[in-house]
Amino acid sequence: MNYPKVCLDNKGNYFITFYLNHKRFRLYSGDKIGIDLKPNSFPFSQRRAKAKILAAEIYKYIYNGNKLKEPTFIVKQNNARWFIQNALEIKLKSELSDSYKSTLKLVTKKLIEIVKHEEELTSNHLQTVLKNYYGTSYNTIRKHLIVIINQAIKLKMPKENLQYPKSIKQEEKLHKPIKNLPELIQSVKQFNFNLYLCCLFTYCCLLRPHREVRLLKWGDFTSDFKFVSVDGSRVKSKKNRIVPVPKIIVENLNPSNPNYNIFSNCSLPYNKDYFKKLWSRFKKNHSIENNITLYSFRHSAAIALFTKTESVTKLQKAMGHSSINVSLTYLRGLEVPELNEEDMPMI
């Protein structure tokens, strides 16, 4: 393993991160090594020092051949509600996004309200939860239900009368490219400079706006600003991304402290809805199609890149997709012709 690093998350809490057997861990306390040390329970001025102590204790613990402790549960109630509640607690301790955890909480609450104090969880309970959802919402809630239930089954919850409902097949949406891109970019620049920068990074670097772009720090750039690195903790695929930075972006940068966020110019970034709200305000004051979002800049860039290179492999690397299959699925939803005129039947 590598020596654990002390890091600060976007909520101002310290955590310890390290790789063990090619798996990344992020610990906020000493629970997994059996010690009562929670750096974030101390006054802020003492937290970093306590986090360094925790990092040293974690390294010593694993170096001596010990294994990280898993959560243990004593079954006090042999009913479905207990298993579901404890399954949620385990998932909330995982490295998941805030929005994902929020949906898990919502799904669990609805499931518990229906199950009440019944002994077993059945397929009927799941159908009752899902009956008020349609289309994409149905599949999203179903997916989160399965996550909670699979975790509950790991806790030895009975599954004899349980069968997962099938997903609903969705019509593919066609993400059309932005036609008047230069004009739109200039309008955004006049409206808000931070939003302008976000659009440039989303289009020119194919970074995702609401996390990968929003959390950028000056220290993520190379000294010559030719490349920017995005840590795996901020990337959907959980893999580190290194992308070139075009001249148009470099010309608009005003570097500061390496630990400062490039938009807020302080150690803490703006909240997760920052660019979403800016874009909504921009659209209210400009005549833009309703289906144009910040992600439309990324879709447009993907089309431009694929049209130019005709390489799915290059598209995969540029987009930060976990596999080529993801990129192929992505292309199906874009306005990219898969056949040339010469490929069509001739009479």
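Here, each number is a calculation from the coordinates, and none is a lab measurement. Keep in mind that what you see is a predicted model, and the values were worked out from it rather than measured. Don't worry about glycine lacking a Cβ; one is built from the backbone with ideal geometry, like all the others, and counts go over all protein chains shown.
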Check: What whole number of Å gives the distance from the Cα centroid of the range 110-134 to the Cα centroid of the range 9-40?
Finding: 35 Å
Notebook entry, point to check: Length gain on complete extension for the stretch residue 93 to residue 1, per 0.36 nm per residue less the alpha carbon to alpha carbon distance?
Noted result: 30.9 nm
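Helix-only mean residue ellipticity at 222 nm, the chain, DSSP H runs n ≥ 4 weighted -39,500 (n - 2.57), per residue, nearest 500. What is it? Spell out each step's value before the answer.
On the way: 12 runs with 149 residues, N = 347.
Rounded to the nearest 500, the figure is -13500 deg cm²/dmol.
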Item checked: Sorted by Cβ density within 10 Å, fewest first, the residues 287, 99 -> 287, 99
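Relative contact order (percent) for the range 94-230, with alpha-carbon contacts under 8 angstrom and 6 or more residues of separation? Mind dumping the intermediate values first?
Details: 80 pairs, mean separation 23.1, N = 137.
Once divided by the residue count of the range 94-230, the mean separation gives 17 percent.
Test of understanding: ordering 242, 149, 303 by Cβ neighbours within 10 Å, fewest first, what list do you get?
On the way: 242 11, 149 23, 303 19.
Final ranking by Cβ density, sparse to dense: 242, 303, 149.
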Next item on the list: Filter the cross-link list 116/143; 226/317; 91/236; 32/52 down to pairs whose alpha-carbon distance in this structure exceeds 19 Å.
Entry: 116/143
Note to self: Just to be sure I understand the model, the point goes 7 Å from the Cα along the line to the Cβ. What's the resulting residue 289 to residue 183 distance in nm?
What the structure shows: 1.4 nm
Next item on the list: Just subtract the alpha-carbon distance of residue 323 and residue 237 from 0.36 nm times their residue separation and send over the number in nm, one decimal.
Entry: 30.1 nm
Checklist line | In order through the range 98-106: 3J(HN,Hα) via Karplus (6.51 cos²θ - 1.76 cosθ + 1.60), integer Hz, x for Gly, Pro | finding: 4, 5, 5, 5, 4, 5, 4, 4, 4
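With an 8 Å Cα cut-off and a minimum separation of 6 or more residues, compute the relative contact order for the chain in percent. Intermediate values should be presented prior to the final figure.
Numbers: 408 pairs, mean separation 41.7, N = 347.
Taking the mean separation of contacting Cα pairs over the length of the chain, I get 12 percent.
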Check: Can you list the residues, at least 5 places off or on another chain, whose amide H is less than 5 Å from the amide H of residue 240, using H built in the peptide plane?
Finding: 232
Check: How many angstrom lie between the C-alpha centres of the range 233-271 and the range 172-227?
Finding: 11 Å
Next item on the list: With an 8 Å cut-off on Cα pairs and a minimum separation of 6 or more residues, tell me the relative contact order of the range 80-154 in percent.
Entry: 47 percent
Check: Taking R0 as 41 Å, what's the FRET efficiency between residue 49 and residue 229 from their Cβ-Cβ distance, rounded to 0.05?
Finding: 0.90
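Calculate, in nm to one decimal, what residue 160 and residue 137 gain on full extension: separation in residues at 0.36 nm each, minus their alpha carbon distance.
Details: separation 23, 0.36 × 23 = 8.28 nm, distance 2.72 nm.
Full extension of this stretch gives 5.6 nm more.
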Note to self: Can you give the FRET efficiency to the nearest 0.05 for residue 124 and residue 100, using r as the Cβ-Cβ distance and R₀ = 22 Å?
What the structure shows: 0.25
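Can you give the local net charge around residue 41? Use residues other than it whose beta-carbon is closer than 12 angstrom to its beta-carbon, Lys and Arg +1, Asp and Glu -1.
Working: positive: 38, 47, 50; negative: 36.
Net charge in that neighbourhood comes out at +2.
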Item checked: Label of the coordinate-derived value, Rg and Dmax of the Cα atoms in Å, listed as (i) 20.1, 71; (ii) 18.9, 63; (iii) 23.7, 79 -> (iii)
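If we count other beta carbons within 10 Å of each Cβ, what is the order of 282, 83, fewest first? Let's see the in-between values first.
Details: 282 20, 83 26.
Lowest to highest Cβ neighbour count: 282, 83.
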